[in-house]
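Asks: Sharing a structure with you now.
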Amino acid sequence: MEGIAITKDSTSLDLEPIAMAIYSAVGLPVTVKSKNKNGIRIENNQVIDYNYTGKYLEMAIEQKKTIHGFAEEGPYKDVPVVVSPIRDKEGEVVAAIGIVNLAGFIDLTRL
């Protein structure tokens, strides 16, 4: 059976369909990386970076929990972000996905 699977070794190309679907649904910049490989950053309906990682993606994978924060550098400096781990069937964190809160509709009360 063919399909999409996310593992700790998924590449940016493996993660692209999932990230693009989320971008299409929310219309906000999306980042995603697997535990062992860098991932992608999507903005304006296109992949901007195929070798992306970031502080909050790494934190969500390491701490195994959703992280809320503010981008500390780059084009979204001081903009809220939320990043959540992606787990496999056994509950192991294999990746993380984040959204840049340009629209302000993500629940910031948890920050």
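Asks: Specify the residue with the greatest mean-square fluctuation among K89, K65, K35, computed from a Gaussian network of the chain linking alpha-carbon atoms under 10 Å apart.
Replies: Evaluated over the chain, the most mobile residue of the options is K89.
Asks: I've got another one for you. Which residue, A95, A60, A71, has the most motion in a Gaussian network model of the chain that connects Cα atoms within less than 10 Å?
Replies: Sorting by GNM fluctuation, first place goes to A71.
Asks: Taking the convex hull of the alpha carbon atoms in the chain, what volume per residue do you get, in Å³?
Replies: 106 Å³
Asks: Still on this model: Most fluctuating residue of E62, E90, E72 in a GNM of the chain with Cα springs under 10 Å: which is it?
Replies: E90
Asks: Keeping to pairs on different chains or 8 or more places apart, tell me how many lysine pairs in the chain have Cα atoms under 23 Å apart.
Replies: Pairs that pass both the separation and distance tests number 26.
Asks: Calculate one ³J(HN,Hα) per residue across the stretch 66-71 by plugging θ = phi - 60° into the Karplus curve 6.51 cos²θ - 1.76 cosθ + 1.60, and present them in order as whole Hz with x for glycine and proline.
Replies: 5, 10, 10, x, 10, 4
Asks: Evaluate the distance, in nm, between pseudo-label points positioned 7 Å from the Cα of N44 and of T7 along their respective Cα→Cβ axes.
Replies: Going by the 7 Å Cα→Cβ label model, 3.6 nm.
Asks: At a Förster radius of 25 Å, what calculated FRET efficiency corresponds to the Cβ-Cβ distance of A21 and E62, to the nearest 0.05?
Replies: 0.45
Asks: In degrees, nearest 10, range 0 to 90: what is the angle between the Cα axis of helix 12-26 and the longest Cα principal axis of the chain?
Replies: 40 degrees
Asks: At 1.4 Å probe radius, can you tell me the per residue accessible area of the chain in Å²?
Replies: Spelled out: the 1.4 Å probe surface of the chain, per residue, equals 59 Å².
Asks: Here's a follow-up. Can you pull the percent of the chain's accessible area that's carbon plus sulfur, 1.4 Å probe, other chains left in place?
Replies: Percent of accessible area from carbon and sulfur atoms in the chain: 50.
Asks: Here's a follow-up. Which whole-number percent is the relative contact order of the stretch 1-105 (Cα, under 8 Å, 6+ apart)?
Replies: Answer for the stretch 1-105 is 26 percent.
Asks: Pop out the ³J(HN,Hα) list for the stretch 88-96 in order, Karplus 6.51 cos²θ - 1.76 cosθ + 1.60 with θ = phi - 60°, rounded to Hz; leave Gly and Pro as x.
Replies: 7, 4, 8, x, 6, 6, 10, 6, 9
Asks: In sequence order, what are the phi-derived ³J(HN,Hα) couplings for the stretch 38-44 according to the Karplus relation 6.51 cos²θ - 1.76 cosθ + 1.60 with θ = phi - 60°, rounded to whole Hz, with x for glycine and proline?
Replies: After applying 6.51 cos²θ - 1.76 cosθ + 1.60, I find 5, x, 10, 10, 10, 9, 6 Hz.
Asks: While we're looking at this one, here's another question. Quick one: which residues, 5+ away or cross-chain, put their amide H under 5 Å from the amide H of V81? H built at 1.01 Å from N.
Replies: HN-HN under 5 Å from V81: G69, F70, A71, N101.
The values are calculated or read from the model by the stated rules, or taken from the named source; none is laboratory data. Since the model is a prediction, treat every value here as computed from it, not as a measurement. In this analysis, Cβ positions are derived from the backbone assuming ideal geometry, glycine residues included, and neighbour counts consider all displayed protein chains. Note: areas computed on protein heavy atoms with side chains; ligands, DNA, RNA excluded. Shrake-Rupley method; radii C 1.70, N 1.55, O 1.52, S 1.80 Å.
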